[in-house]
Amino acid sequence: MTSRNLFLSISTLAICATVISACETMPTAEEDHAANKHTSHWEYAGESGPSHWAALSEEFSTCATGRLQSPFNISADITAKLPDLGLNYQAVPMKIINNGHTIQADQAGGGQLVVDGKAYDLLQFHFHAGSEHSIDGKAYPMEMHLVHAAKSGELAVVGVMLTEGTANAELANIWANMPTSQGEHMVKGKTINVKNLLPASHKYDRFMGSLTTPPCSEGVNWHMMQQPITVSAAQIAAFKAIYPMNARPLQEENNRLVVRGQ
Ligand SMILES: [Zn+2]
């Protein structure tokens, strides 16, 4: 998939997220152009579950044929001094979407990730239960993905594991306004700052991978934080009451390189 097509896919995802009911019944001009068919319905279990994603739509074929699919069990192939992540985030008005697959916060204008001199605009962040990746064989109760795109369309994700402990105040702010059924929820006068959802240490593991949801597009630059953030048992339970399990199973690592930052 070209980076242009990748960008169209992500734009389409964003559009689907905001008008999901229209998206499922009616192809957008972008989808017509990109894939000549509209987005198929997919789920995390049953006949539309992960092992069937590639069969649901030609557009999803990479879910089966890709060689750098996410998630997988992350273990270091080498350790090295990695460039610091420029996590240049700022508060934006709260806009939370239950898109039928996850709870997502739209972050247009929420700042940038800068790494290796390249800037990626923050688009959105969302959550999975349980964690999608494991780190050295260890799974977590939840995982958060901060999704970014460069002007070229190239994608970068920052992953953060959520472990049980002290409640996170920013998450409490989000959870208090979490739509329990599908649809968008804008909260007047409230803001979200993703900076408050990052661990104290910004050390990370770097590797290449894919989107973990259809169309499973590859060429995604992944940065997995080594330190989890803590959330309370009640916060985990509140998410799981809406999405008990929205994690793709582990995929093969194949011969990709995992660099663990020192
Ligand atoms: Zn995700």
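A simple count of charges around Q262, restricted to other residues whose Cβ falls under 13 Å of its Cβ and scoring Lys, Arg +1 and Asp, Glu -1, yields +2. Using the Cβ of V231 as centre and a radius below 15 Å, the other residues enclosed give a net charge of -2, where K and R count +1 and D and E count -1. Note on K138 and K151: their simple-model spin labels are 4.1 nm apart, each label 7 Å out from Cα toward Cβ.
Where in segment 96-119 does the label zone of R256 land, with the point 7 angstrom along Cα→C-beta and an amide N cut-off under 19 Å? 115-116, by backbone N distance to the label point.
The modelled label-to-label distance for the pair A45/Q226, using points 7 Å beyond Cα in the direction of Cβ, is 3.6 nm.
When trypsin sites (Lys or Arg not before Pro) are flagged only if DSSP places them in a loop and at most 11 other Cβ atoms lie within 10 Å, the longest unflagged stretch of the chain comes out as 152-262.
Taking 14 Å as the straight-line reach from the Cα of K203, the aspartates and glutamates in range (excluding those fewer than 8 positions away in the same chain) are D84. Bridgeable lysines around K95 (alpha carbons under 19 Å apart, same-chain partners fewer than 8 residues away excluded): K188, K190, K195. By the compact-protein rule of thumb, 2.2 N^0.38 Å, the alpha-carbon radius of gyration of segment 69-254 corresponds to a ratio of 0.97. Among T65, T230, T212, the residue with the largest mean-square fluctuation in a Gaussian network model of the chain, with springs joining Cα atoms closer than 10 Å, is T65. Put in order of Cβ neighbour count within 10 Å, fewest first, the listed residues M245, M161 become M245, M161. Calculate log10 I(q)/I(0) of segment 152-216 for q = 0.13, 0.14, 0.15 Å⁻¹, where I(q) comes from the Debye formula with a single equal point scatterer on each Cα and nothing for solvent. Reported log10 I(q)/I(0), two decimals: -0.58, -0.68, -0.77. In a reduced charge model with +1 at each Lys and Arg Cβ and -1 at each Asp and Glu Cβ, the chain shows a dipole moment near 660 debye about its Cα centre. For the chain, the share of DSSP beta bridges that are antiparallel, to the nearest 5, is 80%. Here the residues V158, V259, ranked from fewest to most Cβ neighbours within 10 Å of their Cβ, fall in the order V259, V158. Given their separation in residues at 0.36 nm each and the Cα-Cα distance between them, K203 and N88 gain 39.8 nm when the chain is fully extended. Distance between the pseudo-spin-label points of E184 and T166 (7 Å out from Cα toward the beta carbon): 3.6 nm. Taking a straight line from the alpha carbon of K240, these aspartates and glutamates sit under 16 Å away, with near neighbours fewer than eight places off in the same chain left out: E43, E132, E143, E164.
We did not get these values from a lab; they are worked out from the coordinates using the rules stated. None of the values given here were measured: they were computed from a predicted structure. So basically every Cβ, Gly included, is an ideal-geometry build from the backbone, and we count neighbours across all protein chains shown.
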